[in-house]
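The values are calculated or read from the model by the stated rules, or taken from the named source; none is laboratory data. Here the structure is a predicted model, which is why all the values come from computation and not from measurement. As a convention, Cβ positions derive from the backbone with ideal geometry for all residues, glycine included, and neighbour counts pool all protein chains shown. Calculation scope for accessible area: heavy atoms of the full protein, side chains included, ligands and nucleic acids excluded. Shrake-Rupley method; radii C 1.70, N 1.55, O 1.52, S 1.80 Å.
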Amino acid sequence: MVFILIVAGMVVCAIMAIRASRLLISAIWLAATSALVALLMYMLGAPEVAVIELSVGAGLVTVLFVFAINISGEETPNLKSLLPRPLTWISIIAFLTLLGYFCLPAFLRSLPEAQASSLQTVLWEDRSLDVVLQALLIFAGVLGVIGLLSEGNHHPAKEHDV
Amino acid sequence: MNLSIPGIIIVAAVALLGIGFYGLLAVRNLIKVIVALQILVKGMMLGFVLAGRLAGNVTLGQSLAIIVIVVDTIVAVVGLALAVQIRQRIGSLDIKTLTSLQR
């Protein structure tokens with residue numbers, strides 16, 4: 001019952017994040033979705049990733065969104081989608097049907113007991129290449145932050161010079 | 001209807017994936033496209049953790065989810081940086097105005 005309530009809340013938060021007319025409100029709904037996903041992960045027996053999701057997904061990413069929205073300003077006319085509405089819905093229904101079909105065998109399974117093994121061993125020994133790649137990606141993220149903070153030094157006057 | 005816990009989590013993951021996919025297709029604001037991408041990835045992360053748990057190796061699922069969180073955050077940072085720069089240069093966050101790049 002608790003699982004159903006959390007899932008319902010999560011889906012409502014996700015829908016509101018897409019439907020909200022103001023960008024700032026959308027970011028806050030996204031943070032709520034993230035917090036409920038973290039709660040669900042904790043209840044599934046994955047506390048480490050739940051903590052990281054809560055601090056990064058609900059904390060850092062929300063701060064980044066609020067920062068970017070403050071810089072770029074609120075611009076929220078609810079514009080009509082570029083794709084025709086029937087095409088959008090047909091592709092979503094096809095996507096969900098296919099996904100549901102492949103997930104069907106797992107529906108009837110019960111949750112096995114969580115086995116105690118060390119996350120450190122898996123992360124640092126079995127997936128060591130991924131950790132190295134993460135370090136490189138974090139460097140790319142730093143470059144992204146520099147791009148976020150830079151003022152944008154384009155010179156429209158040059159067009160007149162030519 | 002009596003759903004098992006994996007069934008409930010699968011419904012949640014598929015719902016998040018569907019909402020994110022809808023957002024990617026239907027939304028025209030660049031920042032909202034990144035919000036939709038975040039929702040999509042959250043659904044996938046739930047799937048990773050559940051798959052790890054069902055396979056009896058929850059730590060592998062957790063380590064994959066941690067990697068996805070890092071990558072997802074960096075995608076958000078780079079995407080937001082691009083959105084801010086586009087807003088400063090073109091003056092709009094509407095993805096339709098980006099077609100002016102074709103000219």
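Can you compute the helix-only [θ] at 222 nm over the protein assembly as shown? Use -39500 (n - 2.57) per DSSP H run of at least 4 residues, normalise by all residues, nearest 500 deg cm²/dmol.
-24000 deg cm²/dmol
Starting from one equal scatterer on each C-alpha and no solvent at all, send me the Debye-based log10 I(q)/I(0) for region A:1-88 at q = 0.16 Å⁻¹, two decimals.
-0.73
Assign one of three labels to region A:22-70, namely rounded, prolate or oblate, based on the Cα gyration tensor with a ≥ b ≥ c the square roots of its eigenvalues; rounded applies when a/c is under 1.5, prolate when it is not and a/b is larger than b/c, and oblate otherwise.
Details: a/c = 6.04, a/b = 2.21, b/c = 2.74.
Note, shape of region A:22-70 comes out oblate.
Mind checking the alpha-carbon convex hull of region B:5-102 and giving the volume per residue in Å³? It would help to have the intermediate numbers written out before the result.
Details: hull volume 8.4 nm³, N = 98.
About 85 Å³ per residue, rounded to a whole number.
For region B:5-102, give the magnitude of the charge dipole about the Cα centre (Cβ charges: +1 Lys/Arg, -1 Asp/Glu; no others), in debye to the nearest 20.
Using only the charged Cβ atoms, the result is roughly 220 debye.
Residues of the protein assembly as shown: accessible area per residue at 1.4 Å, in Å²?
53 Å²
Find how many whole Å separate the alpha carbon centroid of region A:87-115 from the alpha carbon centroid of region A:1-74.
22 Å
Would you work out which of A:110, A:34, A:87 lies farthest towards the positive end of the dipole of chain A, given +1 charges on the beta-carbon of Lys and Arg and -1 on that of Asp and Glu, about the Cα centre?
A:87
I need the phi-derived Karplus couplings for region A:3-12: 6.51 cos²θ - 1.76 cosθ + 1.60, θ = phi - 60°, integer Hz, Gly and Pro marked x.
Whole-Hz 3J(HN,Hα) from phi for region A:3-12: 4, 5, 5, 5, 5, 4, x, 5, 5, 4.
Just how much of residue A:127 is accessible, in Å², when a 1.4 Å probe is used and the result is rounded to the nearest 10?
The value for residue A:127 is about 70 Å².
Inside 10 Å of the C-beta atoms of B:32-38, what's the mean count of C-beta atoms belonging to other chains? List each step's numbers first, then the result.
Working: counts 10, 0, 6, 12, 5, 0, 9.
For this peptide, the per-residue mean of nearby foreign Cβ atoms is 6.
Among A:139, A:102, A:65, whose mean-square fluctuation peaks in a Gaussian network model of chain A (Cα, cutoff 10 Å)?
Answer for the Gaussian network model of chain A: A:102.
Using only protein heavy atoms and a 1.4 Å probe, report how much of residue A:79 is accessible, in Å² to the nearest 10.
Near enough 80 Å² of accessible area.
Only Lys, Arg, Asp and Glu count, each charged at its Cβ (+1, +1, -1, -1), so figure out the dipole size of chain A about its Cα centre, rounded to 20 debye.
Value, rounded to 20: 640 debye.
Can you give the average number of partner chain beta-carbon atoms within 10 Å of each beta-carbon in peptide A:137-146, as a whole number? Mind dumping the intermediate values first?
Values: counts 7, 5, 1, 5, 9, 2, 4, 10, 5, 1.
Taking the mean over all residues of the peptide, I get 5.
Could you derive backbone 3J(HN,Hα) for region B:78-93 from the dihedral phi with the Karplus parameters 6.51, -1.76 and 1.60 (θ = phi - 60°), listing whole Hz in sequence and x where the residue is Gly or Pro?
With the stated coefficients, region B:78-93 comes to 5, x, 5, 4, 4, 4, 5, 5, 5, 4, 6, 8, 9, x, 8, 9 Hz.
Out of A:150, A:55, A:26, any idea which swings most in a Gaussian network model of chain A, alpha carbons joined below 10 Å?
A:150
Normalise the Cα radius of gyration of the protein assembly as shown by 2.2 N^0.38 Å (N = residues in it) and let me know the number. Please report the intermediate quantities before stating the final value.
Numbers: Rg = 19.9 Å, N = 265, 2.2 N^0.38 = 18.3 Å.
Here the Cα radius of gyration is 1.08 times the empirical estimate.
May I ask which residue of B:58, A:14, B:4 lies farthest towards the positive end of the charge dipole of the protein assembly as shown, with charges of +1 (Lys, Arg) and -1 (Asp, Glu) on Cβ and the Cα centre as origin?
The listed residue farthest towards the positive side: A:14.
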